[in-house]
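The values are calculated or read from the model by the stated rules, or taken from the named source; none is laboratory data. In this text, all values refer to a predicted model and were calculated from it rather than measured experimentally. Ideal geometry is used to build each Cβ from the backbone, glycine not excepted, and the neighbour counts take in all protein chains shown.
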Amino acid sequence: MEPKEQKILVAAYRLFNQHGFRKVTMSDIADAAEMSRPSLYAAFANKEAVFSAIGVQHNARAEASLAERLPKATSLRARLEVLFAVWIIEPFASVVDSPAGLDMLGNAAEYAPDAVAKTYERFEHHLLTLLKMELTSKRNGMTARDLAHIMTLATKGLKASTSTVAELTRMTDGLIAMAIATTR
């Protein structure tokens, strides 16, 4: 990513967290990034494109963090904890306490549907990969694919209905416990 684009994303992320997606304009982003509106529009067609690029950047960081941290986890519980920390809890924690954080969490799929869908696709892919190692056949009426999909859907609901990191962590710990119980 070019330095100009990175500067835009940093400025936009700060503005979105402070004021919410709907209140931020492309002019606001251009001002915060210290550039002209034409320069901003040359990089991004609209603020939805900016928001989507933030999502793409988040996914790249999550993939890198997961690649670094997952090999150190030795049990299924530890691997699932890393996966949930990287893809769910840490991103939630980074915005939940900001003035517009709950708006961002609750409406991100409306603002950047493709980026959000890709995030959950990657999360579910990683879940499936971990669960396949433990759940090689249908157990308790469930395949690894079924379990990964259910956990992904549950995660979406948890992020939408919790308002603190502690509560989200407690709820994801419950999902992890259920997954481990299903694999035994």
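Specify the residue that is surrounded by the fewest Cβ atoms within 10 Å (Cβ to Cβ); the eligible residues are those in the stretch 91-111 that are free of Cβ contacts under 8 Å to residues at least 24 places away in the same chain and either part of a helix (DSSP H, G or I) or touching a Gly at 6+ places or on another chain (Cβ under 6 Å) (or both). Here the residue is E110. Can you name every residue in the stretch 161-184 that is over 16 Å from R77 (Cβ atoms) and not acidic (D, E)? Of everything in the stretch 161-184, those that are over 16 Å from R77 (Cβ atoms) and not acidic (D, E) turn out to be S161, T162, S163, T164, V165, A166, L168. Would it be correct to say that M171 is modelled with pLDDT under 90, among the hydrophobic types (A, V, I, L, M, F, W, C), closer than 30 Å to L15 by Cα and assigned to a helix (DSSP H, G or I)? In short, no. Put simply, of R77, R14, R61 the only residue that is in contact (Cβ under 8 Å) with a residue 12 or more places away in the chain, under 30 Å from M178 (Cβ atoms), out of contact with any strand residue (DSSP E or B) (no Cβ under 8 Å at 6 or more places or on another chain) and surrounded by fewer than 19 Cβ atoms within 10 Å (Cβ to Cβ) is R77. For the stretch 17-31, the set of residues classified as assigned to a helix (DSSP H, G or I) and either free of Cβ contacts under 8 Å to residues at least 40 places away in the same chain or touching a Leu at 6+ places or on another chain (Cβ under 8 Å) (or both) consists of M26, S27, D28, I29, A30, D31, listed by residue number. Every listed requirement among (1) over 22 Å from T164 (Cβ atoms); (2) touching an Asp or Glu at 6+ places or on another chain (Cβ under 9 Å); (3) modelled with pLDDT of 95 or more is met by F84 save one, (1). The set of residues in the stretch 50-71 that are of a type in the set (G, A, S), over 14 Å from A108 (Cβ atoms) and either in contact with a helix residue (DSSP H, G or I) (Cβ under 8 Å, 6 or more places away or on another chain) or at pLDDT below 95 (or both) comprises A60, A62, S65. Taking the conditions (1) assigned to a helix (DSSP H, G or I); (2) more than 30 Å from I176 (Cα to Cα) in turn, E34 satisfies each one other than (1).
So in the stretch 135-153, with the set limited to residues that are out of contact with any Asp or Glu (no Cβ under 6 Å at 6 or more places or on another chain) and buried (at least 18 other Cβ atoms within 10 Å of the Cβ), which one is farthest from I88 (Cα to Cα)? Explain how you work it out, then say what you get.
Let us first name the residues in the stretch 135-153 that are out of contact with any Asp or Glu (no Cβ under 6 Å at 6 or more places or on another chain), namely 135-147, 149-151, 153.
Filter once more, so that each one left must be buried (at least 18 other Cβ atoms within 10 Å of the Cβ): 135, 144, 147, 151.
On the way: L135: 23, A144: 20, L147: 17, M151: 12 Å.
Among those that are out of contact with any Asp or Glu (no Cβ under 6 Å at 6 or more places or on another chain) and buried (at least 18 other Cβ atoms within 10 Å of the Cβ), it is L135.
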